[in-house]
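Report on one structure; see the data block that follows.
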Amino acid sequence: MEISSVAKVLGGKRVLRRNIQNRMDLVELSRQGLTKAALINLADYLSCTIGDMAQIVSVTERTLLKHTASKPFNRFVSEQILQIAEVAARGAEVFEDRSKFLAWMNHPNRALANKTPMSLLNSKYGVDMILDELGRIEHGVFS
């Protein structure tokens, strides 16, 4: 997966205000903090509401709605957003179709204890499990 795909899911250079070329750029981006615009782009990409995203990144919907456009999220929330964007970019690459990826994200998966991948996005361990499963799918290993 190209790191630039993660940036595209978040709105690209227009939203991030910088080019993302490698993982170190992601580290710097998480330290600087992502904006509400990046979160909204991610929500749109995943066909989620702001309420859904609030649950995923463990903040209240009210906090997200009140968050100003120019104020960056803290490092913890920014890292969560980046991890989820990585799942989105990787999933679109593996399925070669965003709608197929989104259908997979919202369907219970036996390899994930019959939970939907979407329901695991609020945990670093869940994100790791989803990325592992996407790797198995890409290589034709189905659980």
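What number of residues within region 1-16 are loosely packed, with under 12 Cβ neighbours inside 10 Å and more than 13 Å from Ala85 (Cβ to Cβ)? Looking only at that region, the number is 1. The selection criterion, being modelled with pLDDT under 90, more than 17 Å from Glu86 (Cα to Cα) and among the β-branched types (Val, Ile, Thr), holds for Thr63. Among the residues examined, Leu82 qualifies as under 11 Å from the mean Cα position of the chain (by Cα), in a helix (DSSP H, G or I), aliphatic (A, V, I, L, M) and surrounded by 14 or more Cβ atoms within 10 Å (Cβ to Cβ). Is it the case that Thr63 is loosely packed, with under 12 Cβ neighbours inside 10 Å, farther than 19 Å from Gly126 by Cα and β-branched (Val, Ile, Thr)? Answer is no for this residue. So, Leu42, is that one within 20 Å of Glu2 (Cα to Cα) and touching a residue at least 12 places away in the same chain (Cβ under 8 Å) or not? Yes. A Cβ distance below 6 Å, combined with a sequence gap of six or more or placement on separate chains, defines the contacts here; from region 88-102, residues that are more than 17 Å from Ser119 (Cα to Cα) and in contact (Cβ under 8 Å) with a residue 12 or more places away in the chain reach residues that are buried (at least 22 other Cβ atoms within 10 Å of the Cβ) and of a type in the set (Val, Ile, Thr) in the pairs Ala89/Val6; Ala89/Val9.
The values are calculated or read from the model by the stated rules, or taken from the named source; none is laboratory data. If you're wondering where the values come from, they're calculated on a predicted model, not measured in any experiment. Cβ atoms come from the backbone with ideal geometry, glycine included; neighbour counts cover every protein chain shown.
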